[in-house]
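Below is one structure; the comments refer to it alone.
The values are calculated or read from the model by the stated rules, or taken from the named source; none is laboratory data. Note that the structure is predicted; figures quoted are calculated from it, not measured. Using ideal geometry, Cβ is built from the backbone for each residue, glycine included, and neighbour counts are taken over all protein chains shown.
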Amino acid sequence: MGINVKLQAFEGPLDLLLHLIDKNKVNIYDIPIVVITEQYMEYVNQMDKTDLNVVSEFLVMAATLLDIKSRMLLPKEVNEDGEEEDPRAELVQKLIEYKLFKHMSLELKDRQLDAERALYKPSTVPPEVEAYKPPVNLEELVGDMTLSKLNSIFQDVLKRKEEKIDPVRSKFGKIEKEEVSMSDRLVHVKSFLMEHRSFSFTQLLMDNHSKVATIVTFLVVLELIKTGFVTVEQEKTFSDIMITVQKNPELIEDIDEE
């Protein structure tokens, strides 16, 4: 059976590297490899050599640091995308993953300790005791309450409810959407064209009392202009639009509203 060896508070080479990074207050993404390697070797030289399995892990990391240190002195390599490769990138990734798992293990350990302090005891109360309900003393419950006091409270509640009603908005009528289809307006326009050969757009709108009906009527006129049934003229800006019938209105077909 092997002997578990721990160097101070370090459980492995990555743990030692994280300690050195925190101790030197350096950015993990920009590790000063020369300084960290020298301090790392000092710790390794002070280690107990009893368990070779543990020592070998630290020696492998030492060799890795020396390899990175030597590659930092050489011209930087370029990958396929033309970007310079950082010899420390792989080590940084391992350190980040180790730090993540270390914090996760500490969190799980805390949850385990909290769970050990939680005890559960099944209920031992007899069913007849659980089903028992103390009797209600109506006289004590009602006390000095009378019908007059209850009515006063009820009237006060009603008054508060009335005060919450908006005196203006509560009198508004129901707002409903006006449904005006192009097919319906086309029937009206077609009938108007059969009775008038030339007229103004204002005359066409004489029976319309809403903005929606006006807009739909205007769309119908545009469709009739497009199909050549009518032509329009306007002498100047904002003046009335004059409409002239060019084709037999009876030939007008229904408009596809899609």
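For (1) outside any helix (DSSP H, G or I); (2) surrounded by 10 or more Cβ atoms within 10 Å (Cβ to Cβ); (3) in the same structural domain as TYR43 (by TED's automatic domain parsing), each residue gets a yes or a no:
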{"site": "THR64", "(1), (2), (3)": "no, yes, yes"}
{"site": "ASP67", "(1), (2), (3)": "no, yes, yes"}
{"site": "GLU80", "(1), (2), (3)": "yes, no, no"}
{"site": "VAL92", "(1), (2), (3)": "no, yes, yes"}
{"site": "LEU95", "(1), (2), (3)": "no, yes, yes"}
{"site": "LYS109", "(1), (2), (3)": "no, yes, yes"}
{"site": "PRO134", "(1), (2), (3)": "yes, no, no"}
{"site": "LEU150", "(1), (2), (3)": "no, yes, no"}
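Are there helices (runs of 4 or more DSSP H) fully within the range 160-249 with at least 3 residues that are at pLDDT 85 or above? List them.
Values: elements: 182-195, 201-204, 211-227.
Output list reads 182-195, 211-227.
Can VAL35 be described as closer than 21 Å to SER70 by Cα, part of a helix (DSSP H, G or I) and modelled with pLDDT of 85 or more? Lay out the reasoning, then the answer.
On the way: closer than 21 Å to SER70 by Cα: yes; part of a helix (DSSP H, G or I): yes; modelled with pLDDT of 85 or more: yes.
Considered against the rule, which asks whether it is closer than 21 Å to SER70 by Cα, part of a helix (DSSP H, G or I) and modelled with pLDDT of 85 or more, VAL35 comes out as yes.
With respect to LYS121, determine if the residue is closer than 30 Å to ASP15 by Cβ and within 51 Å of the chain's Cα centre (by Cα). Spell out the reasoning first.
On the way: closer than 30 Å to ASP15 by Cβ: no; within 51 Å of the chain's Cα centre (by Cα): yes.
Judged against the criteria, LYS121 is not a match.
Being more than 16 Å from PRO249 (Cβ to Cβ), in contact with a helix residue (DSSP H, G or I) (Cβ under 8 Å, 6 or more places away or on another chain) and in contact (Cβ under 8 Å) with a residue 40 or more places away in the chain is the filter here, so list the residues in the range 183-206 that pass it.
If the condition is that a residue be more than 16 Å from PRO249 (Cβ to Cβ), in contact with a helix residue (DSSP H, G or I) (Cβ under 8 Å, 6 or more places away or on another chain) and in contact (Cβ under 8 Å) with a residue 40 or more places away in the chain, then PHE201 is the only one that fits.
How do the pairs read when you match residues in the range 67-96 that are modelled with pLDDT under 80 with residues anywhere that are buried (at least 16 other Cβ atoms within 10 Å of the Cβ) and not aliphatic (A, V, I, L, M), using Cβ under 9 Å and keeping only pairs 6 or more apart or on different chains?
These pairs meet every condition: LYS76/ASP86; LYS76/PRO87; GLU77/ARG71; GLU77/PRO87.
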